[in-house]
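Participant: Just passing along the structure, written as C-alpha cells.
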Amino acid sequence: MFKKLVIASSNAGKIREMGGLLRDFDFELALKPPELDIEETGKTFMENAILKASYIATTLKQWSIADDSGLMVNALNGQPGIYSARYGKTDFDRINRLLTELKNNTNRQAQFVCAIAIANPEGEVVIQTEGICEGEILTQVRGESGFGYDPIFFVPEFKQTFAEMPPDLKQKVSHRGKAFANLIPLINHLFDRNIFDRK
Ligand code: IMP
C-alpha cells in the first residue's frame, strides 16, 4: 500500500520543510530525481502545482506532492505572481525590481499564495488546496531572517515583516503554513477512506 510520497522538487530544503509539516503522517518522503525536469507552464500557482504533481506521479508511478508559491502585488496586477522566482537573478535583484516598479504607489496591498497538489500514481489529482497571507509591501527592507521577498512583506496583524518574525510564527501565519494546515484534514480524509494506508 501507499506510503511513499515523492516531492516534485529536487530542493533538499523541501524535504526538511515538508517532513516537519507532515510529521503526523508516516510518509516516506523522497525528492524527485534531478534529471526529471518539469516545465512550469501553468498560468496560476494551482495549475503549476497540479502539473508538477501529475507529471512526477505518472513518470515514476508513485504518489507525488507539489507546491507552488509566490507573491502577488495588487498595484502590479498580481505580478510577480508565478514569475516570483524568475523576477531577477538574486533575492536582492528581485526585491529591487519590485520596489522600483511600485515606486511611490500608495497601494501597497499584496498577498503570498501557496498552492499544493497531491496526485496518485495514475496522475490523478486527489487533493488540491491553497493558503493565502495578506500583507503590504514596505518601501525598504526590514529584518534579517527568512528568504526571498520576506524583508519587504509586512503583515499588519503582527506589525512585522516575514523577515522579522521568529520562524515558528512565520510558519503559522504564512501562505505555506496555512496551505499545509488546510492540507492535513484532507490527507486524514483519504486515510479514513482507506485510499492511504496508515500502517
Ligand atoms: P516556490 O514555488 O516555493 O519555489 O517559490 C517561488 C518563489 O516565490 C521563491 O523563489 C520566492 O522568490 C517567492 N516566495 C515563495 N514563498 C516565499 C516566502 O515565504 N517568502 C519569501 N519569498 C517567497
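Participant: In the list Leu71, Leu51, which residue meets the criterion of being assigned to a helix (DSSP H, G or I) and modelled with pLDDT of 95 or more?
Facilitator: Values: Leu71 fails: assigned to a helix (DSSP H, G or I).
Criteria check complete, one pass: Leu51.
Participant: Could you list, ordered by first residue, the pairs with Cβ atoms under 7 Å in which the first is in segment 113-130 and on the phi > 0 side of the Ramachandran plot and touching a residue at least 24 places away in the same chain (Cβ under 8 Å) and the second is away from the ligand (no atom under 16 Å from the Cβ) and outside any strand (DSSP E or B), at least 6 apart or interchain?
Facilitator: Taking only residues 6 or more apart or on different chains, the pairs are Gly123/Ser54; Gly123/Ala57; Gly123/Thr58.
Participant: On the given criteria, is Lys52 in contact with a strand residue (DSSP E or B) (Cβ under 8 Å, 6 or more places away or on another chain) and in contact (Cβ under 8 Å) with a residue 12 or more places away in the chain? Can you show your working first?
Facilitator: Working: in contact with a strand residue (DSSP E or B) (Cβ under 8 Å, 6 or more places away or on another chain): yes; in contact (Cβ under 8 Å) with a residue 12 or more places away in the chain: yes.
So Lys52 fits the description; yes.
Participant: Residue check, Tyr149 against (1) aromatic (Phe, Trp, Tyr); (2) surrounded by fewer than 18 Cβ atoms within 10 Å (Cβ to Cβ); (3) more than 30 Å from Lys3 (Cα to Cα), all met but one. Which one?
Facilitator: (2)
Participant: Can you tell me how many residues within segment 131-146 are crowded, with 21+ Cβ neighbours inside 10 Å, under 18 Å from the mean Cα position of the chain (by Cα) and of a type outside the set (Gly, Ala, Ser)? Before the answer, list the steps.
Facilitator: Within segment 131-146, the subset crowded, with 21+ Cβ neighbours inside 10 Å is 131, 133, 135, 137.
From what's left, under 18 Å from the mean Cα position of the chain (by Cα): 131, 133, 135.
So of that shortlist, the ones also of a type outside the set (Gly, Ala, Ser) come out as 133.
So the count comes out to 1.
Participant: Same structure again: Just one of the numbered conditions (1) under 27 Å from Pro185 (Cβ atoms); (2) more than 14 Å from the ligand (Cβ to nearest atom); (3) touching a helix residue (DSSP H, G or I) at 6+ places or on another chain (Cβ under 7 Å) is not true of Lys3; which one?
Facilitator: Single failed check for Lys3: (3).
Participant: What are the residue pairs meeting all of these: first residue in segment 152-173, first residue within 18 Å of Leu99 (Cα to Cα) and within 11 Å of the ligand (Cβ to nearest atom), second residue part of a helix (DSSP H, G or I) and of a type in the set (Ser, Thr, Tyr), Cβ atoms under 7 Å, and 6 or more apart or on different chains?
Facilitator: Filtered contacts from segment 152-173: no entries.
Participant: Restricting the search to segment 145-169, which residues are part of a helix (DSSP H, G or I) and either among the basic types (Lys, Arg) or closer than 20 Å to Gln109 by Cβ (or both)? Before the answer, list the steps.
Facilitator: Step one: filter segment 145-169 for residues part of a helix (DSSP H, G or I), giving 150-152, 156-158, 167-169.
Scanning segment 145-169 gives Asp150, Pro151, Ile152, Pro156, Glu157, Phe158.
Participant: On to the next question. Given the conditions (1) free of Cβ contacts under 8 Å to residues at least 60 places away in the same chain; (2) more than 13 Å from the chain's Cα centre (by Cα); (3) within 13 Å of the ligand (Cβ to nearest atom), which single one is not true for Asn11?
Facilitator: In the conditions (1) free of Cβ contacts under 8 Å to residues at least 60 places away in the same chain; (2) more than 13 Å from the chain's Cα centre (by Cα); (3) within 13 Å of the ligand (Cβ to nearest atom), Asn11 misses (2) alone.
Participant: For residues that are more than 15 Å from the ligand (Cβ to nearest atom) and part of a strand (DSSP E or B), scanning just segment 18-48, find the one that is farthest from Ile7 (Cα to Cα).
Facilitator: Glu28
Participant: If I ask for residues that are surrounded by 13 or more Cβ atoms within 10 Å (Cβ to Cβ) and of a type in the set (S, T, N, Q), which ones from segment 160-196 would you list?
Facilitator: Passing the criteria: Gln160, Thr161, Gln171, Ser174, Asn182, Asn188.
Participant: Can I ask one more? Would you pick out the residues in segment 67-84 that are near the ligand (Cβ under 6 Å from one of its atoms) and free of Cβ contacts under 8 Å to residues at least 60 places away in the same chain?
Facilitator: Asp68, Gly70
Participant: Mind listing whichever residues of segment 100-116 are farther than 15 Å from Asn74 by Cβ and surrounded by 15 or more Cβ atoms within 10 Å (Cβ to Cβ)?
Facilitator: Cys114, Ala115, Ile116, listed by residue number.
The values are calculated or read from the model by the stated rules, or taken from the named source; none is laboratory data. Predicted, not measured: the structure shown is a model, and the values here were computed from it. As a convention, Cβ positions derive from the backbone with ideal geometry for all residues, glycine included, and neighbour counts pool all protein chains shown.
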